[in-house]
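Following: one structure in structure tokens, then a few remarks.
The values are calculated or read from the model by the stated rules, or taken from the named source; none is laboratory data. Quantities reported herein were computed from a predicted structural model and do not represent experimental measurements. Backbone-built Cβ (ideal geometry, glycine too); neighbour counts: all protein chains shown. The area values use the complete protein model at the heavy-atom level, side chains included, leaving out ligands, DNA and RNA. Shrake-Rupley method; radii C 1.70, N 1.55, O 1.52, S 1.80 Å.
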Number of protein chains: 2
Amino acid sequence: MSLIVQKYGGTSVGTVERIHRVADNVERACKDGHQVVVVLSAMSGETDRLLRLAHEMAPLPDERELDMLLSTGERVTIALLAMALRSRHLDARSFTGRQVGILTDSAHTKARITKVTAERIRESLTRGVIPVVAGFQGINQQSDVTTLGRGGSDLTAVALAASLKADRCVIFTDVDGVYTTDPNIVPSARRIDKISYEEMLEMASLGAKVLQSRSVEFAAKFNVPLEVNSSFKEGKGTLVTREDRDMEAVAVSGVTGDRNQAKVTIVGVPDKPGIAAGLFGPVAKANILVDVIIQNMSQAALTDISFTIPRVDVNKAVPLIQDVARTIGAKSVSVTEAIAKVSLVGVGMRSHSGVAAKMFEVLSQEGVNIIMISTSEIKISCVIDEKYLELAMRSLHSAFGLDQPRNDDRAAK
Amino acid sequence: MSLIVQKYGGTSVGTVERIHRVADNVERACKDGHQVVVVLSAMSGETDRLLRLAHEMAPLPDERELDMLLSTGERVTIALLAMALRSRHLDARSFTGRQVGILTDSAHTKARITKVTAERIRESLTRGVIPVVAGFQGINQQSDVTTLGRGGSDLTAVALAASLKADRCVIFTDVDGVYTTDPNIVPSARRIDKISYEEMLEMASLGAKVLQSRSVEFAAKFNVPLEVNSSFKEGKGTLVTREDRDMEAVAVSGVTGDRNQAKVTIVGVPDKPGIAAGLFGPVAKANILVDVIIQNMSQAALTDISFTIPRVDVNKAVPLIQDVARTIGAKSVSVTEAIAKVSLVGVGMRSHSGVAAKMFEVLSQEGVNIIMISTSEIKISCVIDEKYLELAMRSLHSAFGLDQPRNDDRAAK
């Protein structure tokens with residue numbers, strides 16, 4: 001018998017029929033002899049409906065009140081699922097974030113969990129009761145409702161799994177796992193059986209949308225085995241877990257592509273100490289995330305600095321950067337939006353040399369010009385012309401053997 | 001400066017526009033120099049929507065889970081109103097039943113209030129904050145959400161007014177007060193300026209639907225001045241308060257009609273001690289409310305017993321009564337549904353004699369046959385043929401001068 005935390009997202013509980021299917025799922029896990037704790041999101045569409053109402057009340061709705069409003073969505077789904085389970089003669093009970101002791105700071109709409117007591121869950125489990133918990137919400141020290149921001153329900157599930165020392169935390173969603181790359185772009189993309197927390201974090205930050213970074217970080221910190229699986233079909237999912245020898249056997253685990261990029265170049269920057277700080281300080285203060293940075297010495301004592309920012313921030317960032325450029329005596333600022341970032345991720349890079357060289361070679365063979373390069377221990381990113389993104393993803397996916405089954409696939413899970 | 005608890009019902013907060021009008025109302029009371037505590041119901045229709053969802057999950061949804069589900073409706077409206085007030089630069093804060101310390105027993109869906117702490121309300125008021133409180137809900141000792149049943153939001157408002165020793169509790173609804181009789185039946189019905197708790201209780205139990213008996217009882221017990229007023233137009237409402245000399249000046253305050261009645265007659269009951277207990281015991285156990293009872297000696301040692309029950313309970317009650325009739329050796333059971341009850345209510349009856357005699361005379365002049373009679377200190381009810389109900393109400397309303405303005409109308413309020 002193992003203890004499993006199951007989390008179902010908004011589309012999985014989006015209709016009455018789907019909630020009944022979640023009840024089927026929970027029932028099956030119980031009949032298989034597992035102890036189950038269920039965490040739910042609000043019905044898909046409900047949060048948007050409530051937000052629309054809020055914006056009809058006030059142009060900038062108060063954030064504490066938004067949390068009071070938005071936290072109702074999960075209370076509806078947990079009550080409905082508990083009813084469905086009870087009518088199947090399973091002893092289920094719904095609990096709010098407060099009732100299971102999800103304590104947070106007071107940063108309304110994006111609160112951070114400070115403590116998880118999970119007392120009523122423990123007590124329920126000893127009595128054979130299935131706890132059905134509202135995700136996404138907690139309470140602060142004043143006993144006011146808070147919400148955890150994007151991906152908050154995943155975080156609730158992982159935090160409970162950590163506190164309960166659960167054997168596994170399964171995130172049921174509308175896809176059946178994490179893929180070697182985006183299947184919409186590369187049809188030969190394959191579901192990954194097992195991936196390390198670190199790789200998953202890189203994939204998440206590089207644009208793979210299955211899991212939010214916060215939940216993966218939390219799972220890594222408390223070593224919670226995290227499974228991504230489909231709530232609509234039975235089968236294997238992807239297990240996100242501690243790095244093991246199997247994982248190091250392959251150099252590259254996944255290929256990601258990110259179009260949300262724009263390249264800014266400041267031309268003719270006087271090459272003096274302190275220039276970079278003077279430039280990136282104001283940008284950081286405006287909450288604009290600078291990603292890849294390169295610096296080219298072009299003429300004596302003058303340098304060009306290029307960097308990427310999220311494309312959505314261009315309108316906010318460019319006037320600011322132009323100001324800064326003027327202040328530091330640079331010649332001009334240019335912006336290119338038609339770029340994209342293609343990345344390889346894999347813990348195996350640590351032991352496999354030559355991954356970068358092979359990547360550059362593959363891209364050059366396809367006639368893809370590399371504009372910028374950035375690397376970390378387990379990741380290589382190249383900024384390229386946007387029009388080549390699909391081509392680059394497909395050719396890298398194939399060149400690194402990701403469209404072939406891994407040797408360890410049978411052994412995994 | 002006085003402290004006023006304002007309660008708005010479901011139709012008053014049924015749309016975004018109406019919530020904005022409630023905000024207008026609250027703002028006006030604040031600008032008039034009052035301290036205001038607001039209690040809200042769920043948006044009209046929301047409770048039905050949630051109940052439909054519940055019944056799609058389970059044929060008999062669990063009651064604790066129903067409370068978890070239904071209590072979300074008020075949380076939505078309090079958050080929305082607080083947003084609207086804050087965007088007008090009024091410092092408002094929403095609070096759940098739990099947050100203001102509405103403690104109840106564990107009778108889910110019909111919980112009784114055991115204690116009201118109202119700590120956060122008091123603290124808010126001293127800081128100049130307008131508390132916006134979710135009606136209809138509390139928590140039990142296990143810290144589980146409970147709901148207070150029909151008219152529960154009124155009860156929340158009255159209980160808070162009692163705990164805060166408020167100067168007045170105003171129930172804003174879709175009518176502008178309590179009427180001398182049903183204006184849909186008697187067009188000359190007049191709004192009553194002032195009425196006693198006792199009269200209001202009789203009117204409520206006799207079918208006047210403006211206020212639920214529970215709230216009036218609570219208000220009477222703690223002597224909370226209760227006002228019924230319209231949330232849609234400005235003007236005087238009805239004040240429900242302690243009996244005073246003005247009220248005794250008139251013999252009759254109101255006329256009510258109740259069609260939800262059926263008459264059951266058990267013919268040929270052996271006239272032995274204990275028969276009544278043997279009969280009404282099982283009926284009471286089945287939670288069927290017996291109202292008027294009369295007993296006619298028809299033959300030596302045999303008696304006929306007639307009584308009224310709610311018409312909606314006929315199908316449940318009749319088989320039960322037939323069983324009992326057989327057991328006690330009665331001859332037969334007959335049921336008449338086409339009856340109604342017309343009643344006069346007034347604290348003045350205590351000092352004005354002859355009200356009953358006049359009532360019987362008025363009915364007889366109109367050719368209305370009286371089937372049964374029941375009286376209390378401040379009420380006389382006659383069971384009559386249903387077809388005469390409107391006629392009886394109109395003629396009594398006029399005969400007791402209720403379509404004329406009261407002498408004390410100008411002085412009242």
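Quick rundown of the values:
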read-out	value
For B:T114, inter-copy label distances in nm, listed shortest first [label point 7 Å out on the Cα-Cβ vector]	3.0
GNM result for chain A, Cα springs below 10 Å: residue of A:S213, A:S332, A:S253 fluctuating most strongly	A:S332
For the range A:373-388, 3J(HN,Hα) per residue [Karplus equation, 6.51 cos²θ - 1.76 cosθ + 1.60, θ = phi - 60°, Hz, x = Gly/Pro]	10, 9, 9, 10, 4, 10, 8, 10, 10, 10, 8, 9, 4, 4, 5, 8
Gyration tensor verdict on the range A:274-342 (Cα atoms; rounded if a/c is under 1.5, prolate if a/b is larger than b/c, oblate otherwise)	oblate
Listed residues A:T336, B:T181 arranged by accessible area, highest first, probe 1.4 Å	A:T336, B:T181
Proximal charge balance of A:A338 [Cβ under 12 Å; K/R count +1, D/E count -1]	+1
DSSP beta bridge pairing in the protein assembly as shown, given as percent antiparallel to the nearest 5	65
Accessible-area value, A:E63, 1.4 Å probe, nucleic acids and ligands omitted, Å²	80
Cα centroid of the range B:189-255 to Cα centroid of the range B:67-104, whole Å	28
Beta bridges by DSSP in chain B, antiparallel share as percent, to the nearest 5	65
Protein-only accessible surface order, largest first, of B:V312, A:V76 at 1.4 Å	B:V312, A:V76
Neighbourhood net charge (10 Å Cβ-Cβ; Lys/Arg +1, Asp/Glu -1) for B:R112	+1
Kyte-Doolittle mean at least 0.5, axial Cα span of 20 Å or more - DSSP H helices of chain A	A:72-87, A:314-328
Contact order relative to length of chain B, as percent, for alpha carbon pairs under 8 angstrom and 6 or more apart	13
Proximal charge balance of B:N296 [Cβ under 15 Å; K/R count +1, D/E count -1]	0
With all protein chains modelled, accessible area of B:M200 [1.4 Å, Å²]	0
Gyration tensor verdict on chain B (Cα atoms; rounded if a/c is under 1.5, prolate if a/b is larger than b/c, oblate otherwise)	oblate
Three-way shape call for the range B:316-387 based on the alpha-carbon gyration tensor, with the a/c threshold at 1.5	prolate
Dimensionless Rg ratio for the range A:109-210, taking C-alpha atoms and the 2.2 N^0.38 Å reference	1.30
Whole-percent carbon and sulfur share, accessible surface of the range B:1-117, 1.4 Å	51
Fluctuation leader among A:I275, A:I339, A:I139 - chain A, Gaussian network, Cα springs under 10 angstrom	A:I275
Phi to ³J(HN,Hα) by Karplus 6.51 cos²θ - 1.76 cosθ + 1.60 over the range A:307-313, Hz, x for Gly, Pro	7, 10, 9, x, 4, 5, 9
Accessible area of B:E366 in the full protein assembly, 1.4 Å probe (Å², nearest 10)	80
The range B:30-180: translational diffusion in µm²/s, Stokes-Einstein, Kirkwood Rh over Cα pairs, 25 °C, 0.890 mPa s	154
Residues with amide H under 5 Å from that of B:K194, placed H, sequence gap 5 or more	B:L239
Spin-label pair A:I185/B:V314, simplified geometry with 7 Å Cα→Cβ offset, distance in nm	7.3
Top of A:S143, A:S44, A:S94 by mean-square fluctuation, Gaussian network on chain A, Cα under 10 Å	A:S143
Euclidean distance of C-alpha centroids, the range B:26-45 and the range B:109-124, integer Å	18
Distant-in-sequence amide H partners of B:I130 (H built 1.01 Å from N, under 5 Å)	B:D91, B:A92, B:R93
Accessible area buried between chains A and B, both sides summed, probe 1.4 Å, in Å² to nearest 100	3500
Net length gained if the chain between A:E17 and A:E361 were fully extended (0.36 nm per residue, minus Cα distance)	118.7 nm
Those residues of the range A:71-88 for which accessible area with every protein chain present is at least 40 Å² below the isolated value (1.4 Å probe)	A:T72, A:R75, A:V76, A:L80, A:M83
Cα centroid separation - the range B:260-329 against the range A:280-331, whole Å	91
DSSP beta bridges in the range B:3-174 [antiparallel fraction, %, rounded to 5]	25
Relative contact order (%) - the range A:262-336, alpha-carbon pairs under 8 angstrom, separation at least six	50
Largest to smallest accessible area among B:R350, A:R86 [probe 1.4 Å]	B:R350, A:R86
Percentage relative contact order, the range A:291-413, counting C-alpha pairs under 8 Å, at least six apart	22
Across the identical copies, how the B:L51 labels are spaced - nm, sorted shortest first, 7 Å along Cα→Cβ	3.2
Whole-Hz ³J(HN,Hα) from phi, Karplus 6.51 cos²θ - 1.76 cosθ + 1.60, for the range A:343-354, glycine and proline x	9, 10, 10, x, 5, x, 4, 4, 9, 9, 7, x
Lysines whose Cα lies under 19 Å from that of B:K358, excluding same-chain neighbours fewer than 8 positions away	B:K341, B:K379
Simple Cβ-charge dipole of chain B, Lys/Arg +1 and Asp/Glu -1, about Cα centre, in debye nearest 20	660
Rounded accessible area per residue of the protein assembly as shown, 1.4 Å, Å²	42
